[in-house]
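The values are calculated or read from the model by the stated rules, or taken from the named source; none is laboratory data. Everything quoted here is computed from the prediction, not taken from an experiment. For neighbour counting, all protein chains shown are included, and Cβ atoms are generated from backbone atoms with ideal geometry for every residue, glycine included.
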Amino acid sequence: MADTPIIETRGLTKEFNGFTAVNAVDFRMREGHIHALIGPNGAGKTTFFNLLTKFLRPTRGVILFRGENVTEAGSAELARRGIVRSFQMSAVFPHMTVLENVRIGLQRRLGTSFHFWRSESSLGSLDRRVMELLEAVDLADFARVIAVELPYGRKRALELATTLAMDPKLMLLDEPTQGMGHEDVNRITALIRKVSANRSILMVEHNMSVVSTIADRISVLQRGQIIADGPYEEVSRNPQVVEAYMGSADAELGAAHA
């Protein structure tokens, strides 16, 4: 399975009124890898994510998931296939407990999300799995805490748990460490590595220290095109990549490489 692409694009293109945000991108990601997508602001990373998860429809090109053409599939179908995405901003139900947030994720996967007539006690059968997921992201001690009371880094950990509750085959993480202090960055980085077992993770991330630590492979976008692809050690030395990051994250690239 190591050489099988879990997600692949061929000539993927998105145009907005004459502006090409993603330009004929050929992309392959191996099953079981942590793959980082990096690039300067405005490079097309979020648009590419939106195309993969069907928040946008491509102008041209093909998307394959485990070899099957899913270009015309809707976002709900992709979620059923196991493609689950998190967002830059923490997305949790603020006035529900940590346990209840994750339990909703499990209910969605089981198709019981809208069984409002069920008593809360009938949902107890899910709680063992909820606690396993909270253990995985170091939140077991916070199970009864109202989500709004969690520190920011713990909220992102909760979002990881709710994503895991959907039993993803491919997790797409959009800026998972954005806005975090050093301690929270280290915690979330360790959690991503931990939950990557038996899963594939595609992440957009600006923090080059995170990327260099956990990514098996990196693709670099600039002006909607992939200009480099490979291991961090190789990509960080690529002259095109260094030039693309000049004046923005070039110092980060050097610092992380050092």
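Taking the stated definitions as given, is ASP184 surrounded by 15 or more Cβ atoms within 10 Å (Cβ to Cβ), acidic (Asp, Glu), assigned by TED's automatic domain parsing to the domain that holds TYR232 and more than 13 Å from the chain's Cα centre (by Cα)? Yes, satisfied. Within the range 49-108, being touching a Phe, Trp or Tyr at 6+ places or on another chain (Cβ under 8 Å) and of a type in the set (Lys, Arg) holds for ARG81, ARG85.
Examine the range 8-25 for a residue that is of a type in the set (A, V, I, L, M, F, W, C), at pLDDT 95 or above and closer than 27 Å to ALA165 by Cβ, and state whether such a residue exists. No.
Report yes if GLU100 is at pLDDT 60 or above and charged (D, E, K, R), otherwise no. Yes, satisfied.
Of all the residues that make up the range 59-83, how many are at pLDDT below 90 and of a type outside the set (Ser, Thr, Tyr)? First the steps, then the outcome.
Quick first cut of the range 59-83, residues at pLDDT below 90 only: 75-76, 79-80.
Those still in the list that are of a type outside the set (Ser, Thr, Tyr) too: 76, 79-80.
Qualifying residue count for the region: 3.
When restricted to residues that are more than 22 Å from ASP138 (Cα to Cα) and either in a helix (DSSP H, G or I) or free of Cβ contacts under 8 Å to residues at least 60 places away in the same chain (or both), the range 210-219 contains 1.
For the range 208-236, a tally of residues being in contact with a helix residue (DSSP H, G or I) (Cβ under 8 Å, 6 or more places away or on another chain) and not hydroxyl-bearing (Ser, Thr, Tyr) returns 15. Within the set ILE192, ILE214, ILE218, the sole residue that is buried (at least 19 other Cβ atoms within 10 Å of the Cβ) and within 25 Å of ASP26 (Cα to Cα) turns out to be ILE218.
Quick one: is VAL211 among the aliphatic types (A, V, I, L, M) and over 17 Å from VAL84 (Cβ atoms)? Walk me through it before giving the result.
Values: among the aliphatic types (A, V, I, L, M): yes; over 17 Å from VAL84 (Cβ atoms): yes.
So VAL211 fits the description; yes.
Give the residues of the range 31-45 that are surrounded by fewer than 21 Cβ atoms within 10 Å (Cβ to Cβ) and out of contact with any Asp or Glu (no Cβ under 7 Å at 6 or more places or on another chain), sorted by residue number. Selection gives GLU31, GLY32, PRO40, ASN41, GLY42.
Quick grid of which residues meet (1) at pLDDT 90 or above; (2) of a type in the set (S, T, N, Q):
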{"site": "LEU173", "(1), (2)": "yes, no"}
{"site": "ARG199", "(1), (2)": "yes, no"}
{"site": "ALA228", "(1), (2)": "yes, no"}
{"site": "VAL242", "(1), (2)": "no, no"}
{"site": "SER248", "(1), (2)": "no, yes"}
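The single condition among (1) modelled with pLDDT of 90 or more; (2) out of contact with any helix residue (DSSP H, G or I) (no Cβ under 6 Å at 6 or more places or on another chain) that THR163 does not meet is (1). Counting only residues that are outside any loop (DSSP other than H, G, I, E, B) and in contact with a Gly (Cβ under 7 Å, 6 or more places away or on another chain), the range 148-198 holds 7 of them.
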